[in-house]
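The values are calculated or read from the model by the stated rules, or taken from the named source; none is laboratory data. All of these numbers come straight from a predicted model, not from anything done at the bench. All Cβ positions, even for glycine, are placed from backbone atoms using ideal geometry, and neighbour counts span all protein chains on display. These area figures cover heavy atoms from the full protein model, side chains too; ligands, DNA and RNA do not enter into them. Shrake-Rupley method; radii C 1.70, N 1.55, O 1.52, S 1.80 Å.
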Amino acid sequence: MGNPREARGDGSPAAKGSGMVSGPASDVYALRARWVLPVLSPPIRDGIVAIAGSQILDVGADRGEYRSIDLGEAAILPGLVNSHTHLEFSDLEVPLGRPGMPFTEWIAAVVQHRRQHDPEDPQRMVAAIRRGIAESLRLGVTTLGEIATGPWPGDRISEQPNGVVFRELLGLPSERIESQIDLAQAHLKLGRSGEAWRAGLSPHAPYSVHPELLSRSVDLARRGDAPLAMHLAETREELQLLASHDGPFVPLLRQLGVWEPDALPIGRRPMDYLKILARAPRALVIHGNYLADDEIRFLGDRADRMSVVYCPRTHRYFGHEPYPLTRMMAAGVCVALGTDSRSSSPDLSLLAEMHQVAEEHSEIAPDRILRMATVQGARALGCGPTIGTLDVCGPADLIVVELPTGQRDPYSWLFDASTRVLATICRGRLVAGSFNRNADFPP
Ligand SMILES: [Zn+2]
């Protein structure tokens, strides 16, 4: 079975028994599965999702209204939302460095990797991005929060998922500010010219961004109504640098020739940054591994436009202290999930990230984990209320995951590390996988 657009047969008079059918009715098809999980409403046993063109026409129990493709022991979920990644590293076969290595050593390895490859070979970067998108679609991700370090090659990418491309802004020394602001402005202009992607900005992190660069990028985000993403409170060493200019960041920044002590007034903490980010129309705090209680409350009070992106397997890679997920949820923080990049994660599987959350946080109910990977990611990125859910009239972005035979639990797939994504549909089109369980369709 190939493209579902070829799978005519909606039971309507126009489609019944005919060969090629023209007109909108020929675009209607339905998928039937043991479980349908719309996310914002309870799971439906033996449910269907009917699709018309690029939109969802119907979600519910199978009342026999549509000729459907029976997927059998499978679950239909909304396309997953990977709220944080860096696709330029998607050609790495294994992460940089080694598990448990000091974060500053890993940053040095990332800088070295970039210096080795990027300026000399922009083609490599484009190839890596394309590879990362193909991998994401194969693994069921239809919406991405991507951090880009070069001009976005949208015209050279055939399958465009939904999402935001955040232009990374880097520069602790004050002489870097103007050139970074120029890049930010150019990127925001590009994002307004009818691209499938929305443009956002990502002042990288407190240790790599001059405070003036940060506040001016927030101003630009406000003017362009663009989302902003910043790595924050990722390590204890970062807090140490901000508080007292101590710890391993100082020698690293010196070695890179970018240490400017006057740029970072002593005695700062993540809260100072959160207050600046709160001025943006929408802000994503990437990681937030070491946020204090008052900082978590600050984010919980602004959950309509500020969120945190938890990257579980990257968190484990660096051997961080346990993630404060329960405290964040209790404070009402909007927590989304990300894979981060292949420089700290073995692949771009958001299912694997969900599985990791389920393993490490048994107190969190599975439906809440699914929300983190879908609607909360969509909210974090500002994608609108119909992304990350199966919603009538919303875009037909959905995936089919395999279920262990005979399972009565609609979330059994979440607890099984070997769960596979069988098919990914983006805006009504099959973009990865196949419905190879189909027994009775096409007739
Ligand atoms: Zn990152």
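Considering only residues in segment 341-378 that are within 16 Å of the ligand (Cβ to nearest atom) and open to solvent by 10 Å² or more (accessible area, probe 1.4 Å), the one that is nearest to Pro227 (Cα to Cα) turns out to be Arg342. The single condition among (1) more than 16 Å from the ligand (Cβ to nearest atom); (2) open to solvent by less than 20 Å² (accessible area, probe 1.4 Å) that Gly132 does not meet is (1).
Candidates in segment 23-38 are the residues that are open to solvent by 20 Å² or more (accessible area, probe 1.4 Å) and touching a residue at least 40 places away in the same chain (Cβ under 8 Å); of these, the one that is farthest from Ala396 (Cα to Cα) is Arg34. Regarding Asp391, is this residue outside any helix (DSSP H, G or I) and farther than 21 Å from Thr235 by Cα? It is true that Asp391 is outside any helix (DSSP H, G or I) and farther than 21 Å from Thr235 by Cα.
Here the condition is being in a loop (DSSP other than H, G, I, E, B) and open to solvent by less than 40 Å² (accessible area, probe 1.4 Å); of Gly150, Gly97, Gly163, Gly145, it holds for Gly150 alone. Filtering segment 245-269 to residues that are part of a helix (DSSP H, G or I), open to solvent by less than 50 Å² (accessible area, probe 1.4 Å) and more than 17 Å from Phe103 (Cβ to Cβ) leaves only Ala263.
Checking each residue in segment 270-282 for being open to solvent by 10 Å² or more (accessible area, probe 1.4 Å) and assigned to a helix (DSSP H, G or I) picks out Met271, Asp272, Lys275, Ile276.
For (1) over 22 Å from Arg379 (Cα atoms); (2) more than 16 Å from the ligand (Cβ to nearest atom); (3) out of contact with any Gly (no Cβ under 8 Å at 6 or more places or on another chain), each residue gets a yes or a no:
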site: Arg254; (1), (2), (3): yes, yes, yes
site: Trp259; (1), (2), (3): yes, yes, yes
site: Ala263; (1), (2), (3): yes, yes, yes
site: Gly267; (1), (2), (3): yes, yes, yes
site: Tyr273; (1), (2), (3): no, no, yes
site: Ile286; (1), (2), (3): no, no, no
site: Asn289; (1), (2), (3): no, no, yes
site: Phe298; (1), (2), (3): no, yes, yes
site: Asp301; (1), (2), (3): no, yes, no
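Within segment 183-190, is there a residue that is at positive phi and modelled with pLDDT under 95? Within segment 183-190, not a single residue is at positive phi and modelled with pLDDT under 95. Residues being surrounded by 15 or more Cβ atoms within 10 Å (Cβ to Cβ), basic (Lys, Arg), within 16 Å of the chain's Cα centre (by Cα) and part of a helix (DSSP H, G or I) are entirely absent from segment 166-175.
From the list Ile266, Ile276, Ile296, Ile286, the one residue that fits, being assigned by TED's automatic domain parsing to the domain that holds Glu105 and out of contact with any helix residue (DSSP H, G or I) (no Cβ under 7 Å at 6 or more places or on another chain), is Ile286.
The residue list Glu353, Glu321, Glu359, Glu363 contains one member that is assigned to a helix (DSSP H, G or I) and over 19 Å from the mean Cα position of the chain (by Cα), which is Glu359.
Here's the yes/no breakdown for (1) open to solvent by less than 10 Å² (accessible area, probe 1.4 Å); (2) touching a residue at least 24 places away in the same chain (Cβ under 8 Å); (3) in a loop (DSSP other than H, G, I, E, B):
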position: Glu178; (1), (2), (3): no, no, no
position: Leu183; (1), (2), (3): no, no, no
position: Lys189; (1), (2), (3): no, no, no
position: Ala196; (1), (2), (3): no, yes, yes
position: Ala199; (1), (2), (3): no, yes, no
position: Ser202; (1), (2), (3): yes, yes, no
position: Pro206; (1), (2), (3): yes, yes, yes
position: Ser215; (1), (2), (3): no, yes, no
position: Val218; (1), (2), (3): yes, yes, no
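Number of residues in segment 303-335 that are away from the ligand (no atom under 15 Å from the Cβ) and β-branched (Val, Ile, Thr) equals 3. Taking (1) within 16 Å of the ligand (Cβ to nearest atom); (2) touching a helix residue (DSSP H, G or I) at 6+ places or on another chain (Cβ under 7 Å); (3) open to solvent by less than 20 Å² (accessible area, probe 1.4 Å) in turn, Leu381 satisfies each apart from (2). Are any residues in segment 133-174 within 20 Å of Asp91 (Cβ to Cβ) and among the hydroxyl-bearing types (Ser, Thr, Tyr), and if so, which ones? Listed by number, the residues that qualify are Ser136, Thr149, Ser158. Here Ala432 meets each of (1) over 30 Å from Gly300 (Cα atoms); (2) among the small types (Gly, Ala, Ser); (3) without any contact (Cβ under 8 Å) to a residue 12 or more places away in the chain with one exception, condition (3).
Thr326 falls short on exactly one of the conditions (1) surrounded by 21 or more Cβ atoms within 10 Å (Cβ to Cβ); (2) assigned to a helix (DSSP H, G or I); (3) polar (S, T, N, Q), and that condition is (1). Among the numbered conditions (1) at pLDDT 95 or above; (2) part of a loop (DSSP other than H, G, I, E, B), the only one that Val285 does not meet is (2).
Residues checked against (1) of a type outside the set (A, V, I, L, M); (2) free of Cβ contacts under 8 Å to residues at least 40 places away in the same chain; (3) not assigned by TED's automatic domain parsing to the domain that holds Tyr310:
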| residue | (1), (2), (3) |
| --- | --- |
| Leu325 | no, yes, no |
| Met329 | no, yes, no |
| Ile369 | no, no, no |
| Gln376 | yes, no, no |
| Thr424 | yes, no, yes |
| Gly428 | yes, no, yes |
